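These notes are about the structure you will find just below.
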Amino acid sequence: MKDTAYKKTVAACFIGFVSQAIAVNFPPLLFLTFHNTYNIPLEKITFLVIVNFITQLITDLVASKYAKKIGYRTCLVLCHTLCGAGLVLMAFLPDAFNPFTALIVATCIYAVGSGLLEVLLNPVIEACPTKNKAGIMSIMHSFYCWGVVVVVLISTAFFASMGIGCWKTVTCIWSLIPFANAVFFTHVPIYPIAEETNDMANYKELFSQKKFVIIMCIMVCAGASELTVGQWASTFVEDGLKLDKSMGDLIGVCGFALCMGIARSIYGKYSERMSLRGTLIASAILCVISYLLIGLSPYPWFGLLGCILCGLSVGMFWPGTISMASERIKSGGTTMYALCALGGDMGCTTGPALAGFMMGVLGDNLRLGILCSIIFPILMILGLVLLGKKNK
């Protein structure tokens, strides 16, 4: 009976990461459609990405203070509802008043939901009575990757067969998944989390621990290493291999996300036989190699191989670092998970921004711009080595 109960909670958490993948990755597929439909300049459209990440960063900071007071179940239902509502508003609100303002409002709503999902799902699944916690954490995060692949493939198929004019219908269809999971979370058990035992460390106590500071730095590097290539993969395929936008999305975005998902699933299955810290160090070394292939290979297809290897290498960065934090800091609670999410989101902003800035400095050289972000996996290796010494 207990097994069935916690498996429902695990399933709801897995679907939660699919919901996050929809909220984060479906709207960018419509950016050009927004430009053409509402005559919004592309420079203003790209501002939606900044709004999304800033909103998630603020949510990460605020969520840890109020999750316990409001209740985890209530927060989980709320964040799924916000993800679904944001998507529906994105489809219909621009017709009601200023389209750009409407899109910002919709973006803020689903970004709050997405940010809450990242903060809440990690401690909820960690609290489930499972033996292989690092493995379950890895598998849960792999569902984000599968969500990205499914969203891009199905959306591209819809648009190709029915025309881009059906985008509002497709948007509403995708919103049904977070709405349905909101209902699911009203029934599944939520197990006691560290802070519910009044054993929660606050911000000052966490940052007074050197190992937590190192883990935060590793999280920043994890987010930066992942999203630098993840965000530029489609453009890299279009520019390097001279393929059209659809193929760029399919090969670049889907290929990268698929490899991430494979890496997380493999670790999830065999994690009990593998060292978490050793896996992260090996992954970071592979990440350095992949960045070198992308930035320095004279052959475009070798660069594509670098993108694929990068997807494999960064797969364990985010869930592995969170699992490592959970293992080493027992009294962290939701505050620790929120700060880890904050560090990861900071990296997600810093990595692609650095690559984009260096591209401009280096004469719009996409390869060398991405190569400059190799500093993040290198720093991650150093952080993991320091963490090992600190643990001893």
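Report whether or not L379 is open to solvent by 20 Å² or more (accessible area, probe 1.4 Å) and under 22 Å from S275 (Cα atoms). In short, yes.
Looking at the range 329-341, can you tell me whether even one residue there is outside any helix (DSSP H, G or I), modelled with pLDDT of 85 or more, in contact with a helix residue (DSSP H, G or I) (Cβ under 7 Å, 6 or more places away or on another chain) and on the phi < 0 side of the Ramachandran plot? Scanning the range 329-341 turns up no residue that is outside any helix (DSSP H, G or I), modelled with pLDDT of 85 or more, in contact with a helix residue (DSSP H, G or I) (Cβ under 7 Å, 6 or more places away or on another chain) and on the phi < 0 side of the Ramachandran plot. Among all positions in the range 40-63, there is at least one residue which is open to solvent by 20 Å² or more (accessible area, probe 1.4 Å) and closer than 23 Å to I154 by Cα. Checked against (1) within 20 Å of the chain's Cα centre (by Cα); (2) surrounded by fewer than 18 Cβ atoms within 10 Å (Cβ to Cβ), G147 passes all but a single condition, namely (2).
Conditions (1) crowded, with 18+ Cβ neighbours inside 10 Å; (2) in contact with a His (Cβ under 7 Å, 6 or more places away or on another chain); (3) touching a residue at least 40 places away in the same chain (Cβ under 8 Å); (4) on the phi > 0 side of the Ramachandran plot, marked per residue:
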position	(1), (2), (3), (4)
K7	no, no, no, no
Q20	yes, no, yes, no
N25	yes, no, yes, no
L29	yes, no, yes, no
N36	no, no, no, no
K68	no, no, yes, no
G71	no, no, no, yes
P94	yes, no, yes, no
V105	no, no, no, no
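Kindly check whether there is at least one residue in the range 128-143 that is touching a Leu at 6+ places or on another chain (Cβ under 6 Å), closer than 23 Å to T334 by Cβ and of a type in the set (A, V, I, L, M, F, W, C). Checked against the condition, which is being touching a Leu at 6+ places or on another chain (Cβ under 6 Å), closer than 23 Å to T334 by Cβ and of a type in the set (A, V, I, L, M, F, W, C), the range 128-143 yields at least one hit. Scan the range 274-322 for residues that are part of a loop (DSSP other than H, G, I, E, B), crowded, with 18+ Cβ neighbours inside 10 Å and among the aromatic types (F, W, Y) and the total you get is 0. Of the residues contained in the range 363-370, one or more are found to be farther than 28 Å from N25 by Cβ and of a type outside the set (D, E, K, R). If the condition is being farther than 18 Å from G16 by Cα and modelled with pLDDT of 80 or more, then the range 54-78 contributes I54, T55, L57, I58, V62, I70. Listed by first and then second residue, the pairs with beta-carbon distance under 6 Å, at least 6 apart or on different chains, first residue in the range 251-264 and open to solvent by 40 Å² or more (accessible area, probe 1.4 Å), second at pLDDT below 85, are I251/V237. Only one of these is open to solvent by 50 Å² or more (accessible area, probe 1.4 Å), hydrophobic (A, V, I, L, M, F, W, C) and either modelled with pLDDT of 90 or more or within 26 Å of A338 (Cβ to Cβ) (or both): V183, V170, V188. Name it. Exactly one residue qualifies, and that residue is V183. Inside the range 347-392, can you point out the residues that are of a type in the set (D, E, K, R) and outside any helix (DSSP H, G or I)? Residues satisfying the conditions are D364, K392.
The values are calculated or read from the model by the stated rules, or taken from the named source; none is laboratory data. The shown structure was predicted, so the numbers you read here are calculated from the model rather than taken from an experiment. Cβ sites come from the backbone with ideal geometry, for glycine too, and all protein chains shown count toward neighbours. These accessible areas exclude ligands, DNA and RNA; they are computed on the full protein's heavy atoms, side chains included. Shrake-Rupley method; radii C 1.70, N 1.55, O 1.52, S 1.80 Å.
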